[in-house]
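Okay, so here's the structure we're looking at.
The values are calculated or read from the model by the stated rules, or taken from the named source; none is laboratory data. Values in this document were obtained by computation on a predicted structure and should not be read as measured data. Here the Cβ positions follow ideal geometry from the backbone for every residue, glycine too, while neighbour counts run over all protein chains shown.
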Amino acid sequence: MVTLNVNGVRHEVEAPGDTPLLYVLRNDLQLIGPQFGCGLAQCGACAVLIDGKEVRSCITALSSIAPNQEITTLEGLPARWAKQKGLSAEEAKNTLHPVQQAWIEEQTPQCGFCQNGMMIKATELLESNPNPSLAQIKEAFTTSGPSPNLCRCGTYVAIIEAVQHAATIMAKRS
Amino acid sequence: MATMSERPASTFGATLSRRQFVKAGGALVVGFSLVGPEFLKGDTAKPVVLKNSLDPTLLSSWIEIHPDNTVLIRTGKSDFGQGSTFTAYRQIVAEELSVPFEAITTVVQGTTDSTPDGSGAFDFLGHGTPNIRKAAAYTHQALLDLASEKLGVPKDKLSVKDGIVSGASKSISYGDLVKGQQLKLTIPVKGDLTSIFGLSIEGNPPMKPVSEYTVIGKSFKNSVISSKVAAKETWATDVRLPGMLHGRVVHPKTLGSTLVSAGQLDKAEFPNSRVIVKGNLVGVIAPTEWEAIQAAEQVAGGTKWTDWKGLPGNAKLYQHLREEADWTSAPVEKSKPSQGDVGPALASAHKKLSATYQLSYMKHAPIGPTMAVADVQRGGTVHIYTHNQNPQALRGEIAMMLGTTADHVIVHAYPGPGHYGRSNGGNAGAEDEAVLLSQAAGKPVRVQWMRADDMQWSTQSAAAFSDVQLALDEKGKLTGYQIDHYMPAMQDDRPIGAILAGLPTMPAPQVHSDGVTSTVNGIEDDWIYAGVANVLERGHGTFQVGQKASPLAVGLRDHSMRTPGQFQQNYPRELAINEAAALAGADAIQFRIDHAGEERAIGVLKAVRDASGWDTRPSPRPDAVSTGSALVRGRGVSLMLRSGTYWACVCQIAVSPATGKIVVEKYTVAADPGIVVNPMQLKRNVEGGAVMGISHALFEEVTFDESGITTDDWMSYPIPTMSDIPEIKVVLLNNPKVGTYGGGSEAANALAAPAIAAALHDATGKVMRRLPMKPAYVQATLKT
């Protein structure tokens with residue numbers, strides 16, 4: 001039995017300790033934001049935040065995660081933002097994370113399969129650097145993680161514009 | 001309520017009857033008739049009516065108008081990020097019906113028992129008249145007929161705005177017109193539902209004049225983006241059925257290996273897993289995904305296959321294609337614009353070029369490997385839940401594999417990773433394997449390919465080479481142009497699991513295969529240079545590499561990929577035209593303008609020249625150098641006509657001759673599709689295509705040895721990262737006088753390669769006639 005703290009909820013999971021987190025999130029907890037892209041930590045489609053840091057759930061064994069570590073999936077981004085901003089429960093219910101809002105307003109995804117990881121990476125970046133330069137955005141999505149975050153549809157321009165837009169939204173609300 | 005009329009009204013080939021009335025609700029249902037008057041005039045075979053499809057005369061619907069003034073549309077096309085079904089289709093229907101965009105509240109797509117027309121996720125805009133536009137136009141006419149009768153006002157005195165029909169001081173909403181009635185409008189349709197092209201609506205209903213457009217041309221947002229971003233969309237990868245098992249497939253050791261013996265499972269370690277063997281198909285099923293992965297690894301380790309070495313290896317690919325491939329069995333295709341006599345033009349040329357251009361195999365490389373859930377119900381229907389670009393065609397292939405009819409197969413379509421054409425012919429890879437494992441297990445099975453399966457066992461974009469000869473006169477005019485395109489069959493729609501299991505499939509590509517799966521190499525690249533007097537374009541086709549040698553009849557299976565065939569033909573042409581301009585001492589854009597016949601081609605060239613800051617002069621630049629470690633810069637241009645859209649692209653690059661590394665600094669593209677339906681969506685599609693094009697040009701090459709494909713992950717098959725992308729500038733030329741809308745999700749990916757190669761020539765004075773332009777290959781070229 002493994003204890004996981006995901007999106008503010010504690011879960012007891014019956015799975016071998018070497019099971020990659022991705023399969024538990026998707027198959028046991030029905031958290032389907034993270035996607036299986038390569039199983040090799042080479043693309044970023046499976047990314048989640050653990051204590052605010054982007055990790056690749058496809059190679060992260062359950063046994064490597066402590067019960068008190070906070071796992072945030074795409075589904076948990078709105079609540080994460082609401083908590084950070086002290087929004088009321090009612091406000092929080094109707095609020096997307098500014099990163100998600102920007103992703104919609106900029107019409108960023110094409111097929112959208114990689115965009116979970118892109119939004120997780122953007123959240124990690126903007127929480128530590130609220131006003132990143134173009135070079136810093138490129139650095140974040142290319143060299144800061146285990147591998148570059150890859151998009152086969154080629155939406156990088158739209159991602160950059162969405163990160164910049166999200167930064168503007170976040171600045172207005174702080 | 002009494003029957004208003006038993007008499008069918010006929011308009012523009014459609015037949016409206018109002019025989020049935022319901023107490024409440026009601027909807028105008030536009031179905032299609034297979035025995036419509038237009039259809040019967042033709043000599044086309046009658047399309048087969050399938051169970052588990054929308055009933056063609058009663059239940060099948062393209063468009064429903066509801067009493068609350070909302071509208072539902074259905075299309076066999078599946079969205080893979082183009083956004084067309086959620087934006088352009090709604091805009092087109094809203095426009096033809098004169099209702100607000102927001103009135104179209106529901107888009108049903110893909111799933112085989114709830115959509116009418118089939119076909120693949122390509123050519124969404126149907127050269128300006130997709131099926132859904134005709135369906136909407138027919139609906140509009142029917143609603144006008146109804147309103148005319150109801151209001152007692154002649155049809156030609158009626159007008160519609162925001163779904164309200166008005167005339168002679170009277171008005172009624174569409175909702176009120178259909179309230180309490182169930183109306184059937186039958187329209188003529190032809191085609192084959194489970195073929196790659198599906199069904200098409202016939203007849204010529206009047207369309208709304210472009211001058212009256214109010215919805216088309218605006219940047220409406222794509223509704224599915226919101227649900228995907230909020231993790232509220234159900235993807236194919238999310239489908240879980242009761243009792244479902246997880247499956248993995250152990251694919252053969254080589255592309256020609258047969259099974260000697262399947263590996264065993266250590267039951268102590270994997271008590272709940274099971275090995276399934278059918279012919280050369282080896283699968284493993286388990287209750288959990290992690291167990292399935294680990295058990296499959298164990299089975300793979302113990303499975304014995306025969307060896308096979310029937311491929312040339314990528315180092316000898318072009319030698320193999322040139323010297324050993326059979327180019328004689330398929331008839332040579334000649335393009336329609338071929339004219340004059342190139343021979344004398346070459347004989348009397350002031351300057352000549354004779355050159356060969358080569359493109360490697362490339363993968364579709366979806367960011368998520370293919371997967372499917374199948375539920376084979378005993379004695380009943382086979383259900384497949386997957387991401388697929390042509391669910392109706394998949395349905396036909398699965399039925400063929402199982403020796404049943406398509407009536408027994410339903411394909412449920414869900415969003416999935418874009419795969420850029422790979423399943424347009426019906427299968428992406430795992431669907432048939434899921435069906436076979438489910439059949440053996442007696443339970444639903446989810447087969448997920450791993451990254452290596454997807455790289456090594458999927459189809460690929462065909463390699464090709466082209467020989468060009470061209471002639472210039474003393475004034476620098478292109479007087480003769482001859483191009484011979486050589487490409488193995490570019491589309492193999494056989495499901496791989498069915499092949500491995502030894503079950504029925506359509507034939508491997510051969511001369512007389514149907515349409516796109518034939519070995520015949522048609523001319524796909526529309527000729528734009530009408531100013532050239534002597535032109536000869538020929539296509540030479542052959543079998544897939546390894547197809548005949550492989551005991552499995554597998555080899556390097558090809559499949560159409562974004563801008564298929566045309567990419568393989570436009571790259572050599574456009575690079576050769578750049579070389580011709582250089583030989584003529586002319587500026588490459590001006591040279592094209594001087595030879596192009598069409599105003600729209602000249603329009604995009606001038607637009608891209610202005611937008612890119614192009615400096616008009618011949619290439620190479622006066623200070624071009626091909627040695628040293630200092631960066632040298634250059635620019636090049638390319639031109640294409642595809643699906644009614646004219647495209648011109650300029651790439652500005654920096655290259656280090658010492659390392660051979662090319663960096664694209666700016667990509668500028670101008671597109672004239674006629675009417676721009678949705679500027680924001682088109683711009684995003686083009687930006688994505690631009691990045692993929694840079695990837696094709698600089699990074700992508702399938703490597704293979706004598707046995708199989710050796711690229712197996714993102715390290716061995718790199719694609720661009722965010723740091724690899726240039727400044728991208730998209731210029732959309734809205735050209736309403738064209739009166740139609742051209743396609744936009746293809747072409748942008750094909751334009752980069754010839755423009756970058758021309759830029760390399762501009763910077764260094766050396767021409768590289770091979771893709772991809774990887775640093776090592778660039779270095780080798782610069783040393784020549």
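Quick one: in the range A:45-79, of everything that is assigned to a helix (DSSP H, G or I) and within 13 Å of another protein chain (Cβ to nearest Cβ), which residue is surrounded by the most Cβ atoms within 10 Å (Cβ to Cβ)? It would help to see each step written out before you state the result.
Initial filter on the range A:45-79 (assigned to a helix (DSSP H, G or I)): A:62-64, A:74-79.
Checking which are within 13 Å of another protein chain (Cβ to nearest Cβ) leaves us with A:62-63, A:74-79.
Numbers: A:L62: 19, A:S63: 12, A:L74: 28, A:E75: 20, A:G76: 22, A:L77: 26, A:P78: 22, A:A79: 19.
Among them, the one singled out is A:L74.
From A:Q42, A:Q30, which residue is more than 14 Å from A:E75 (Cβ to Cβ), at pLDDT 95 or above, at the interface with chain B (Cβ under 9 Å from one of its Cβ atoms) and touching an Asp or Glu at 6+ places or on another chain (Cβ under 9 Å)? Give the steps one after another, and end with the answer.
Details: A:Q30 fails: more than 14 Å from A:E75 (Cβ to Cβ).
Answer to the selection: A:Q42.
Does B:P337 satisfy being farther than 30 Å from B:P391 by Cα and part of a loop (DSSP other than H, G, I, E, B)? Show your work before the answer.
Details: farther than 30 Å from B:P391 by Cα: yes; part of a loop (DSSP other than H, G, I, E, B): yes.
It is true that B:P337 is farther than 30 Å from B:P391 by Cα and part of a loop (DSSP other than H, G, I, E, B).
I'm checking my understanding of the structure. Among residues of the range B:723-771 that are closer than 28 Å to B:R621 by Cβ and among the β-branched types (V, I, T), which one is nearest to the chain's Cα centre (by Cα)? Give the steps one after another, and end with the answer.
Kept after step one, since they are closer than 28 Å to B:R621 by Cβ, are these residues of the range B:723-771: B:723-731, B:747-771.
So of that shortlist, the ones also among the β-branched types (V, I, T) come out as B:725, B:728, B:730-731, B:756, B:764, B:767.
Values: B:I725: 23, B:I728: 23, B:V730: 21, B:V731: 23, B:I756: 24, B:T764: 35, B:V767: 31 Å.
The selected residue is B:V730.
Any chance you could count how many residues in the range B:254-298 are farther than 21 Å from B:L500 by Cα and of a type in the set (D, E, K, R)?
Looking only at that region, the number is 5.
Among the candidates A:G17, A:G37, which residue alone is of a type outside the set (A, V, I, L, M) and in contact with a Ser or Thr (Cβ under 6 Å, 6 or more places away or on another chain)?
Values: A:G37 fails: in contact with a Ser or Thr (Cβ under 6 Å, 6 or more places away or on another chain).
Just one listed residue meets the conditions, A:G17.
Would you please name the residue that is farthest from B:H251 (Cα to Cα), looking only at residues in the range B:311-324 that are surrounded by fewer than 19 Cβ atoms within 10 Å (Cβ to Cβ) and in contact (Cβ under 8 Å) with a residue 40 or more places away in the chain? So that I can check it myself, show each step before the final result.
Just the residues of the range B:311-324 that are surrounded by fewer than 19 Cβ atoms within 10 Å (Cβ to Cβ), to begin with: B:313, B:315-316, B:319-320, B:322-324.
From the residues that got through so far, the ones that are in contact (Cβ under 8 Å) with a residue 40 or more places away in the chain too are B:313, B:320, B:322.
Values: B:G313: 20, B:H320: 26, B:R322: 31 Å.
The selected residue is B:R322.
Does B:V99 meet the test of being in a loop (DSSP other than H, G, I, E, B) and more than 14 Å from every other protein chain (Cβ to nearest Cβ)? Talk me through it step by step, then tell me what you get.
On the way: in a loop (DSSP other than H, G, I, E, B): yes; more than 14 Å from every other protein chain (Cβ to nearest Cβ): yes.
Yes; evaluated as a whole, the condition is true for this residue.
So that you can scan it fast, the table gives a plain yes or no per residue for (1) closer than 30 Å to B:V210 by Cα; (2) touching a Phe, Trp or Tyr at 6+ places or on another chain (Cβ under 9 Å); (3) more than 13 Å from chain A (Cβ to nearest Cβ):
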position	(1), (2), (3)
B:M692	no, yes, no
B:H696	no, yes, no
B:V702	no, yes, yes
B:M715	no, no, no
B:E727	no, yes, no
B:V731	yes, no, yes
B:V738	yes, no, yes
B:S745	yes, yes, no
B:A755	no, yes, yes
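For every residue, the table says whether it meets (1) surrounded by fewer than 24 Cβ atoms within 10 Å (Cβ to Cβ); (2) more than 21 Å from B:L255 (Cα to Cα); (3) in the same structural domain as B:T75 (by TED's automatic domain parsing).
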residue: B:V373; (1), (2), (3): no, yes, no
residue: B:H387; (1), (2), (3): no, yes, no
residue: B:M400; (1), (2), (3): yes, yes, no
residue: B:H408; (1), (2), (3): yes, yes, no
residue: B:D432; (1), (2), (3): no, no, no
residue: B:Q439; (1), (2), (3): yes, yes, no
residue: B:Q448; (1), (2), (3): no, no, no
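Can we say A:K85 is within 13 Å of chain B (Cβ to nearest Cβ) and of a type in the set (K, R)?
Values: within 13 Å of chain B (Cβ to nearest Cβ): no; of a type in the set (K, R): yes.
Spelling it out, it is not the case that A:K85 is within 13 Å of chain B (Cβ to nearest Cβ) and of a type in the set (K, R).
Select from the range B:75-93 the residues that are more than 14 Å from every other protein chain (Cβ to nearest Cβ) and either surrounded by fewer than 24 Cβ atoms within 10 Å (Cβ to Cβ) or over 17 Å from B:I196 (Cα atoms) (or both) and list them in ascending order.
Initial filter on the range B:75-93 (more than 14 Å from every other protein chain (Cβ to nearest Cβ)): B:75-77, B:89-93.
Within the range B:75-93, B:Y89, B:R90, B:Q91, B:I92, B:V93 qualify.
Report yes if some residue within the range A:23-42 is in contact (Cβ under 8 Å) with a residue 24 or more places away in the chain, not hydroxyl-bearing (S, T, Y) and not in a loop (DSSP other than H, G, I, E, B); otherwise report no.
Scanning the range A:23-42, I find at least one residue that is in contact (Cβ under 8 Å) with a residue 24 or more places away in the chain, not hydroxyl-bearing (S, T, Y) and not in a loop (DSSP other than H, G, I, E, B), so the answer is yes.
Can you give me the number of residues within the range B:630-653 that are touching a Lys or Arg at 6+ places or on another chain (Cβ under 8 Å), farther than 30 Å from B:F220 by Cα and either free of Cβ contacts under 8 Å to residues at least 40 places away in the same chain or β-branched (V, I, T) (or both)?
2
Give the residue that is nearest to B:P369 (Cα to Cα), with candidates limited to residues of the range A:124-160 that are surrounded by 20 or more Cβ atoms within 10 Å (Cβ to Cβ) and more than 10 Å from every other protein chain (Cβ to nearest Cβ).
The selected residue is A:G145.
Of all strands (runs of 3 or more DSSP E) completely enclosed by the range B:370-425, which ones contain at least 2 residues that are among the basic types (K, R)?
Numbers: elements: B:371-376, B:382-386, B:409-413.
Per the criteria, no element qualifies.
Right, B:A330: away from chain A (no Cβ under 14 Å) and assigned to a helix (DSSP H, G or I) or not?
no
Picking from A:V99, A:V48, which residue would you name as being closer than 29 Å to B:K221 by Cα, outside the structural domain of A:T19 (by TED's automatic domain parsing) and not small (G, A, S)? Lay out the reasoning, then the answer.
Numbers: A:V48 fails: outside the structural domain of A:T19 (by TED's automatic domain parsing).
Checking each option against the conditions leaves just A:V99.
Out of the residues in the range B:149-184 meeting the condition of being assigned to a loop (DSSP other than H, G, I, E, B) and modelled with pLDDT of 95 or more, tell me which one is nearest to B:L50 (Cα to Cα).
Here the answer is B:G163.
Going through the range B:182-241 one residue at a time, which ones are polar (S, T, N, Q), farther than 28 Å from B:A434 by Cβ and within 14 Å of chain A (Cβ to nearest Cβ)?
B:S219, B:N222, B:S223, B:S226
Can you name the condition, by its number, that A:E70 falls short on among (1) in contact with a Gly (Cβ under 7 Å, 6 or more places away or on another chain); (2) on the phi < 0 side of the Ramachandran plot; (3) not aliphatic (A, V, I, L, M)?
The one condition A:E70 does not meet is (1).
For the range B:291-318, name all the residues that are in a helix (DSSP H, G or I) and touching a strand residue (DSSP E or B) at 6+ places or on another chain (Cβ under 7 Å). Walk me through it before giving the result.
Quick first cut of the range B:291-318, residues in a helix (DSSP H, G or I) only: B:291-302, B:314-318.
B:A292, B:I293, B:A295, B:A296, B:V299, B:A300, B:N314, B:Y318 - these are the residues of the range B:291-318 that are in a helix (DSSP H, G or I) and touching a strand residue (DSSP E or B) at 6+ places or on another chain (Cβ under 7 Å).
Among the numbered criteria (1) assigned by TED's automatic domain parsing to the domain that holds A:G44; (2) without any contact (Cβ under 8 Å) to a residue 60 or more places away in the chain; (3) not small (G, A, S), which single criterion is violated by A:T155?
That leaves (1) as the condition not met.
Spot the failing condition for B:V99; the list is (1) in contact with a helix residue (DSSP H, G or I) (Cβ under 8 Å, 6 or more places away or on another chain); (2) under 30 Å from B:Q566 (Cβ atoms); (3) among the aliphatic types (A, V, I, L, M), and only one is missed.
(2)
Under 7 Å between Cβ atoms, which residue pairs at least 6 apart in sequence (or on different chains) link something in the range A:1-17 that is over 18 Å from A:D51 (Cα atoms) with a partner that is modelled with pLDDT under 95 and not in a loop (DSSP other than H, G, I, E, B)?
Close Cβ pairs satisfying both conditions: A:V13/A:V2; A:A15/A:V2; A:G17/A:V2.
Of everything in the range A:102-116, what is facing chain B (nearest Cβ under 7 Å) and either in a loop (DSSP other than H, G, I, E, B) or surrounded by fewer than 24 Cβ atoms within 10 Å (Cβ to Cβ) (or both)? Give them in sequence order.
A:I104, A:Q107, A:P109, A:Q110, A:C111, A:G112, A:F113, A:C114 - these are the residues of the range A:102-116 that are facing chain B (nearest Cβ under 7 Å) and either in a loop (DSSP other than H, G, I, E, B) or surrounded by fewer than 24 Cβ atoms within 10 Å (Cβ to Cβ) (or both).
Those residues that are surrounded by fewer than 24 Cβ atoms within 10 Å (Cβ to Cβ) and among the aromatic types (F, W, Y), I need them from the range B:519-568; list them, please.
Residues satisfying the conditions are B:W527, B:Y529, B:F543.
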